[in-house]
Amino acid sequence: MSENKKSFWQTCMFGYIPAGYFAIMLVLVIVGQFFNVNAPGFLGGFTLCSILGLLLVKIGDNTPFVKTYLGGGGFVAIFGAAIIAYLGILPEGTTKMLTSFVKDMDYIGWVVAGLICGSILTMDRKLLIKAGIRYFLPVIGGIVAAFTLTGIAGAISGYGWRQAILFVSLPIMGGGTSAGAVPTSETYGNLMSQGSEYYLSLLMPAVVIGNALAVIAAGVLNSVGKKFPSTTGNGVLMKGFTLQERNFDNDPITIEALGRGFVITGCYFLIGRLLAKAVPGIHYYAWTIIACAVCKIFDIIPEDLQADLSQWYKFMMKVGAGPAVYFAIGYVYTDLGVVIANMSAIYLILTLLTVIGAIVGSWFVGKLLGFYPIESAITAGLCMANMGGSGDIATLGAANRMELMPFAQISSRIGGAIIILLASILPLIIGAGL
């Protein structure tokens, strides 16, 4: 009996932590919350998000129906964290600490930086050149289909086709909050009769609900791909190519290599922010992607530095971009109060049709261009409909396709810039609506 217990505690894993060690860590975290004590700063935020995120992911990965149709652990970690935040279970001091960890310390940016730089700079160079050129056509297809379906439903329901497009479809497809809803509301404030704060209050429920539906849809598409294998490349965007890091597995993992990969990632983000200062109309994530892509296309980064980036990328995929970030997204960014307050049947139908339109448009246009439909719908469709960088991680996590992060970021940042441009001209073309 003791041997069986010992075997279980050693072989059962909560992510990257054996069950025996995890149980001790979980008890410590719970006791810390009881006495309203956390480790300070980044350390405290990462520890809490990791332990609670690993617990929720384990539950989701072992829950029938949820693990099959809703993305399993990623879904449960995100919405479980949102429920914890909504019910106010954690102490106020913990909530402030987690908010600072995610927003002020930009934990999500730290994760996205590692995924962008690592995935682009160690990916198949031919894929980047060939697939990137035509990637925007499925993005446009998703936008057109989303606007069309939602506009028709808005007209039929009496909600108003202009309002449906401007205040439901457009913010959902707009790349999240700081790079999407906020600049869009400011644009609306300049063009319409109300102030930007008023329009932001109209846009945010659509953004939050659309993000939730995108995460759910990603899990559903993952299941569709398993039932219909011909529709998916299982993480490969384009037929005949692979989207994966170069094989550096034979290189020994060293602390120095991880450190270099970390610093190189920071340097590329610095380049992105410098370029954003020169051309502020484009988000620095997009400039970071462009800088990485240019270096990859022209083969500027030496192979030894690519090996360093590969090690850092693998660390981020295994530790940084998993359960901890799911919990952080759910707790800080997923406001269940906003979602519940806007749960009218018509509004839900309009948001759902936007997400369905994003899927359908990108699916069929992508298929015509030689992309796998599931991967095209997830990246060019759902990653337009979610909440930017944090939404990309949640969506790809639910779809079990984190390796598609470069294309997800192209959708969220560059595609989001297209939506902001549309926000500045659509009210003038179709009428302001309000």
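The values are calculated or read from the model by the stated rules, or taken from the named source; none is laboratory data. Being a predicted model, the structure only gives us computed values, none of them experimental. Quick reminder, even Gly has a Cβ in these numbers, built from the backbone with ideal geometry, and neighbours come from all protein chains shown.
Among the residues of segment 338-348, those that are part of a helix (DSSP H, G or I) and out of contact with any helix residue (DSSP H, G or I) (no Cβ under 6 Å at 6 or more places or on another chain) comprise Ile340, Ala341, Ala345, Tyr347, Leu348. For segment 362-377, the criterion of being assigned to a helix (DSSP H, G or I) and either under 30 Å from Ser201 (Cα atoms) or outside the structural domain of Met123 (by TED's automatic domain parsing) (or both) is met by at least one residue. Scanning for something crowded, with 24+ Cβ neighbours inside 10 Å and in contact with a Lys or Arg (Cβ under 8 Å, 6 or more places away or on another chain), does segment 357-372 turn up at least one residue? Yes, segment 357-372 has at least one match. Note on segment 71-91: residues that are part of a helix (DSSP H, G or I) and either within 30 Å of Ile271 (Cα to Cα) or without any contact (Cβ under 8 Å) to a residue 40 or more places away in the chain (or both) amount to 2.
Rundown of residues vs (1) in the same structural domain as Ala85 (by TED's automatic domain parsing); (2) in contact with a helix residue (DSSP H, G or I) (Cβ under 7 Å, 6 or more places away or on another chain); (3) among the polar types (S, T, N, Q), yes/no style:
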{"site": "Thr254", "(1), (2), (3)": "no, no, yes"}
{"site": "Gly261", "(1), (2), (3)": "no, yes, no"}
{"site": "Arg273", "(1), (2), (3)": "no, yes, no"}
{"site": "Ala278", "(1), (2), (3)": "no, no, no"}
{"site": "His283", "(1), (2), (3)": "no, yes, no"}
{"site": "Ile300", "(1), (2), (3)": "no, no, no"}
{"site": "Tyr326", "(1), (2), (3)": "no, yes, no"}
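Of all residues in segment 310-333, how many are modelled with pLDDT under 85, of a type in the set (Phe, Trp, Tyr) and more than 13 Å from the chain's Cα centre (by Cα)? Looking only at that region, the number is 0.
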